[in-house]
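The values are calculated or read from the model by the stated rules, or taken from the named source; none is laboratory data. Owing to the predicted nature of the structure, the values given are computational and were not obtained by experimental measurement. Here Cβ is always computed from backbone atoms with ideal geometry, including for glycine, and neighbour counts include all displayed protein chains. In case anyone asks, the SASA skips ligands and DNA or RNA and just uses the protein heavy atoms, side chains included. Shrake-Rupley method; radii C 1.70, N 1.55, O 1.52, S 1.80 Å.
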Amino acid sequence: MMQLTRDLFDKVLMQNYAPAQFIPVRGQGARVWDQAGKEYIDFTSGIAVNALGHCHLEVVSVLQAQSQTLWHSSNWFTNEPALALASKLADLTFADRTFFCNSGAEANEAALKLARRYAVDRFGAHKTKIIAFKQSFHGRTLFTVSVGGQPKYSDGFGPKPADIVHVPYNDLNAVKAVIDDHTCAIIVEPILGEGGVIPAEPHFLHGLREVCDQYNALLIFDEVQTGVGRTGKLYAYMHTDIEPDILTTAKALGNGFPIGAMLARDHIAKSFTLGVHGTTFGGNPLACAVANKVLDLISQPHFLIQVSTRSQQLFTALERLNQKVRLFRQIRGQGLLLGCELDTLYHGKAAEFNALANQHGLMLLLAGPNVIRLAPSLNITDDEFSQGLARFEKTVEVFVQRA
Ligand SMILES: *Cc1c(COP(=O)(O)O)cnc(C)c1O
């Protein structure tokens, strides 16, 4: 039989990724095992995706049941799971209508196209400017990567879509300096995820809402990472007293089964008329059945309270640890999305820290060269949590001694 080793990755997969040396083969809750049977505590949730942990029993059973019922029917037909899921999203959020797709990038692509189409319909062909933020991340299609604020991801692919401007995050004056009657939308992550786990200041989001209203521009919240309970509310905008016009969600929505969604109010959604946008797999019964279960479980108030409680425990434990070792310059984030920024002394060493954590049986994420990102499953048990923390502490001890 063929040896499925890490070396094989370098032969048969494109080298746009450099995965860890070990290969996970099984997961249960917040635990993962590799080919050698070594156990890891997973503080990544597959990048904020497996919010209910690996192989959650109720989610597995919904997937099994749907897999024996109907997998796919195309957009020539609707299906019951999609109808139920869209109704649920309308009940639980500001939005009236949903467009289903398969990823965060696709949800943002749809959001940006809808914003442009709506502006052109309502106000004319001149209204196409999109304001986005430096360091932001919105996906890897050419449009979303051009809107994202990280040139290293968008350069080198030829001409980019036009009329996109980037200003510093949390800088309302910079937005005011570029917004005008030609602006169709501002797109913002409530917490910069990939860009370093940097939360938006409340007055900043408020200010964005005000200037959008003033200039008839749409406010798009990219909640691909912050959504579905990650911050302790179902969506991060629910911590504020403002609402976006369009919201995108993906990652945790399917707990690992690919699904994305773009949500909007009725009068805006109207611009997606028959045939204007589409996707083959979007809204398929398998993905929607799973997402229905995920939303049912995560949207319960007691579940979300438990996320906030766990969040406080995690912040407290990390702050206490850091008082001893002074490894981190700042520990920030919201809910169970945390970023630990390394002290300047250790800058550039996040990847090294991560490799060491792997050795100690802990899976972590990075957000740039200086930030360790933690995104454990939202229902991580006391046992998994304390073991994960112990392994984190051990990693910190060894790392500081070595450095
Ligand atoms: C992950 C992410 C995306 C892209 O999602 P994909 O499913 O990888 O296409 C977009 N926006 C944010 C904020 C993300 O974190």
request  = For the stretch 222-252, enumerate the residues that are open to solvent by 20 Å² or more (accessible area, probe 1.4 Å) and near the ligand (Cβ under 10 Å from one of its atoms).
outcome  = Lys251
ask   = Is the stretch 203-215 home to any residue that is within 16 Å of the ligand (Cβ to nearest atom), under 29 Å from Leu63 (Cα atoms) and either under 12 Å from the mean Cα position of the chain (by Cα) or free of Cβ contacts under 8 Å to residues at least 40 places away in the same chain (or both)?
value = no
note = Given (1) β-branched (Val, Ile, Thr); (2) touching a residue at least 40 places away in the same chain (Cβ under 8 Å); (3) open to solvent by less than 10 Å² (accessible area, probe 1.4 Å), Ile198 misses just (3)
ask   = When the stretch 114-137 is examined, which residues are found to be within 13 Å of the ligand (Cβ to nearest atom) and assigned to a loop (DSSP other than H, G, I, E, B)?
value = Gln135, Ser136, Phe137
task = State whether the residues of the stretch 170-191 include one that is away from the ligand (no atom under 12 Å from the Cβ), within 25 Å of the chain's Cα centre (by Cα) and open to solvent by 60 Å² or more (accessible area, probe 1.4 Å).
result = no
note = Residue pairs qualifying under the 7 Å Cβ cut-off, at least six apart or on distinct chains, with the first in the stretch 2-23 being in a helix (DSSP H, G or I) and the second being of a type outside the set (Phe, Trp, Tyr), are Arg6/Gln21; Arg6/Ile23; Phe9/Pro19
task = Check whether at least one residue in the stretch 69-89 is open to solvent by 20 Å² or more (accessible area, probe 1.4 Å), in contact (Cβ under 8 Å) with a residue 40 or more places away in the chain, among the polar types (S, T, N, Q) and within 16 Å of the ligand (Cβ to nearest atom), and report yes or no.
result = no
key: Single residue of Glu393, Glu384 found to be touching a residue at least 12 places away in the same chain (Cβ under 8 Å), among the acidic types (Asp, Glu) and farther than 25 Å from Leu57 by Cβ   = Glu393
Filter pass, Met262 being under 21 Å from Glu189 (Cβ atoms), within 16 Å of the ligand (Cβ to nearest atom) and of a type in the set (A, V, I, L, M) = yes
Close pairs (6 angstrom Cβ cut-off, 6 or more residues apart or separate chains): within 10 Å of the ligand (Cβ to nearest atom) and charged (D, E, K, R) in the stretch 138-159, in a helix (DSSP H, G or I) and modelled with pLDDT of 95 or more anywhere = Arg140/Ala105
query = With Ala317, Ala269 as the choices, which residue is over 22 Å from the mean Cα position of the chain (by Cα), within 25 Å of Asn50 (Cβ to Cβ) and open to solvent by 10 Å² or more (accessible area, probe 1.4 Å)?
reply = Ala317
request  = Go through the stretch 264-286 and give me each residue that's of a type in the set (Gly, Ala, Ser) and either out of contact with any strand residue (DSSP E or B) (no Cβ under 6 Å at 6 or more places or on another chain) or modelled with pLDDT under 95 (or both).
outcome  = Ser271, Gly275, Gly278
task = Return yes or no: is Ser311 small (Gly, Ala, Ser) and touching a Lys or Arg at 6+ places or on another chain (Cβ under 9 Å)?
result = no
task = Scan the helices (runs of 4 or more DSSP H) fully inside the stretch 290-403 and keep the ones with 3 or more residues being modelled with pLDDT of 95 or more and under 30 Å from His239 (Cα atoms).
result = 301-325, 382-402
Pick from the stretch 114-155, criterion within 18 Å of Leu219 (Cβ to Cβ) and hydroxyl-bearing (Ser, Thr, Tyr), ranking: surrounded by the most Cβ atoms within 10 Å (Cβ to Cβ) = Thr144
ask   = Across the stretch 100-113, which residue is farthest from the ligand (Cβ to nearest atom) among those that are within 18 Å of His72 (Cβ to Cβ) and surrounded by fewer than 24 Cβ atoms within 10 Å (Cβ to Cβ)?
value = Asn102
task = Could you identify the single residue in Val167, Val188 that is of a type in the set (A, V, I, L, M, F, W, C) and under 20 Å from Ala105 (Cβ atoms)?
result = Val188
query = Checking Glu39 against (1) in contact with an Asp or Glu (Cβ under 8 Å, 6 or more places away or on another chain); (2) closer than 30 Å to Phe303 by Cβ, which single condition isn't satisfied?
reply = (1)
query = Does the stretch 323-335 contain at least one residue that is among the small types (Gly, Ala, Ser) and closer than 17 Å to Phe392 by Cβ?
reply = yes
